[in-house]
Amino acid sequence: MKPTESGLRRAFDVHTQTLPNGLKVLLVENPSIPAVSLSASVLTGARYEPESKAGLAIMVSRLLDEGTENRTSLEIAEAIESVGGAIEADGSFERIVVSAGVLTKDIDLGLELLSDLLMRPLFPQEFVDKEKERTLAEITSAQDRPQVIAGWAFNELVYQDHPLHRPSHGYPETVERLTREDLLQFHKRYFVPNNVILSIVGDFSVTELLPKIEKVLGTWKAKAVEFPTYAPPVRQTHKRVKFITMPAQQLNIYLGHLGIARTSPDFYALQVLDTILGGGAGFTARIPQRLRDELGLAYTTFASITMTAGMDPGRFVAFIGTSPENMKLATEGLVNEIRRIIEEAVTAEELQDAKDYLTGSFVFAFESSPQIARFLVHAQVYGLGFDYIEKYPEYIRAVTVEDISRVAKMYLDSENYTLVVVGPVAEDGSLTHGTG
């Protein structure tokens with residue numbers, strides 16, 4: 001169904017309920033397709049694992065469907081595939097999500113499998129061993145990719161001792177140490193109903209579905225959850241620079257510093273700034289236009305401060321991949337554009353183009369039931385309100401030229417930044433022999 005302006009303005013009719021055991025339930029009836037999307041978000045992730053066990057949360061998420069007290073991994077796969085459905089688990093820094101998609105007639109099976117993965121995973125030893133091998137192989141493979149190495153090094157410098165400094169998959173030495181018991185303990189600690197948001201969108205009746213949810217998940221015992229606490233990351237007050245030598249045709253350059261949390265009151269003004277400075281898909285912004293189109297320095301270049309905003313501050317990052325001989329020109333180009341948006345007001349035309357782009361593309365985030373199910377959790381976690389789909393265009397349209405100047409000065413820094421360069425470059429920043 002093609003999105004319309006009227007569709008963009010309509011808020012979802014969300015039925016919210018908290019079960020006696022603390023499980024939050026968010027339901028949206030969407031009878032347009034005879035299918036149902038179920039998504040259970042456990043409010044934990046790599047953010048809460050100990051440094052010595054980095055990679056634990058992601059491994060837990062990947063092994064949830066590899067066997068439970070009731071079913072082997074093969075039986076889980078056969079059960080969902082026999083009805084043409086799908087079930088998967090995924091982990092990130094903040095959440096572990098178990099999601100399923102089934103036809104309306106198979107909703108009982110979808111709920112049953114979802115609850116099984118959440119409540120009763122076994123983490124069989126053979127699968128733990130296989131997953132460790134797979135993760136170590138992925139890390140080894142990633143270490144051959146200059147852009148990944150640059151991103152990792154950038155995070156280490158920007159976040160210092162905060163958990164966000166490390167890759168969510170962990171390090172080879174921490175993955176090697178993970179045990180089945182570690183996985184079971186992590187599950188026991190965080191997988192409790194009062195730490196879960198269940199969002200379901202699709203062709204069902206709320207009055208018929210709620211009793212089914214209560215029957216399957218209502219017996220899950222609540223338990224107090226103690227989350228480790230960390231000092232918030234601090235924005236740097238001096239320059240941090242690192243050059244990493246790797247055999248490559250081009251240099252991968254990351255430049256930036258600490259960003260903002262998703263709850264920042266300036267998120268929307270910064271999203272407009274992002275669009276003007278670094279662009280979005282199909283939007284020609286200042287950095288791509290100047291460095292890629294006019295100077296021919298890059299195929300890929302972008303900048304953003306809002307993209308990684310979460311419970312913790314994300315990162316402001318400007319990236320460019322460029323030829324070694326263009327390192328100085330490319331780095332100066334990024335810094336100059338950041339300085340320009342801090343010191344000079346954007347034009348009214350730039351502002352309007354960015355607003356039109358953001359409000360026009362926003363609707364495409366709500367085309368499918370799985371997208372809506374994910375949004376409901378996002379809205380719940382960050383306190384956006386379920387009328388966000390109506391409010392978002394208003395937030396964006398309210399941004400002024402003065403707002404852009406104010407947030408640029410407050411949140412961007414063209415002097416005290418982290419610079420990471422990976423490729424045919426020596427540790428002192430000089431180009432290695434034979435390049436350029």
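Pairing each residue of the range 167-195 that is more than 16 Å from residue 128 (Cβ to Cβ) with any residue that is charged (D, E, K, R), provided the two are 6+ apart or on different chains, yields C-beta distances under 7 Å for 192/223. Pairing residues of the range 101-115 that are in contact (Cβ under 8 Å) with a residue 60 or more places away in the chain with residues that are among the polar types (S, T, N, Q), at Cβ distances under 6 Å and at least 6 apart in sequence or on separate chains, gives 101/37. Restricting the range 163-214 to residues that are within 30 Å of residue 105 (Cα to Cα), open to solvent by 10 Å² or more (accessible area, probe 1.4 Å) and β-branched (Val, Ile, Thr), the residue that is nearest to the chain's Cα centre (by Cα) is 206. Residue 57 - would you say it is open to solvent by less than 40 Å² (accessible area, probe 1.4 Å), part of a helix (DSSP H, G or I) and under 21 Å from residue 128 (Cα atoms)? For residue 57, the condition - open to solvent by less than 40 Å² (accessible area, probe 1.4 Å), part of a helix (DSSP H, G or I) and under 21 Å from residue 128 (Cα atoms) - is met. Being without any contact (Cβ under 8 Å) to a residue 12 or more places away in the chain and either more than 19 Å from the chain's Cα centre (by Cα) or open to solvent by 30 Å² or more (accessible area, probe 1.4 Å) (or both) is a property that residue 160 lacks.
Here's the yes/no breakdown for (1) under 28 Å from the mean Cα position of the chain (by Cα); (2) open to solvent by less than 40 Å² (accessible area, probe 1.4 Å):
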{"site": "77", "(1), (2)": "yes, yes"}
{"site": "83", "(1), (2)": "no, yes"}
{"site": "90", "(1), (2)": "yes, no"}
{"site": "98", "(1), (2)": "yes, yes"}
{"site": "106", "(1), (2)": "no, yes"}
{"site": "110", "(1), (2)": "yes, yes"}
{"site": "115", "(1), (2)": "yes, yes"}
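For residue 286, the test of being of a type in the set (Lys, Arg), touching a helix residue (DSSP H, G or I) at 6+ places or on another chain (Cβ under 9 Å) and more than 29 Å from residue 197 (Cα to Cα) is passed. The test for being open to solvent by 20 Å² or more (accessible area, probe 1.4 Å) and either at pLDDT 95 or above or in contact with a His (Cβ under 9 Å, 6 or more places away or on another chain) (or both) does not hold for residue 387. Scan the range 313-346 for residues that are assigned to a helix (DSSP H, G or I) and either out of contact with any helix residue (DSSP H, G or I) (no Cβ under 9 Å at 6 or more places or on another chain) or not charged (D, E, K, R) (or both) and the total you get is 17. Name the one entry in 88, 78 that is modelled with pLDDT of 95 or more and not in a strand (DSSP E or B). Only one candidate qualifies: 78.
The values are calculated or read from the model by the stated rules, or taken from the named source; none is laboratory data. This is a predicted model, so every value here is computed, not measured. Every residue, glycine among them, receives a Cβ derived from its backbone with ideal geometry; neighbour counts consider all protein chains shown. All accessible areas refer to the heavy atoms of the entire protein, side chains included, with ligands and DNA or RNA removed. Shrake-Rupley method; radii C 1.70, N 1.55, O 1.52, S 1.80 Å.
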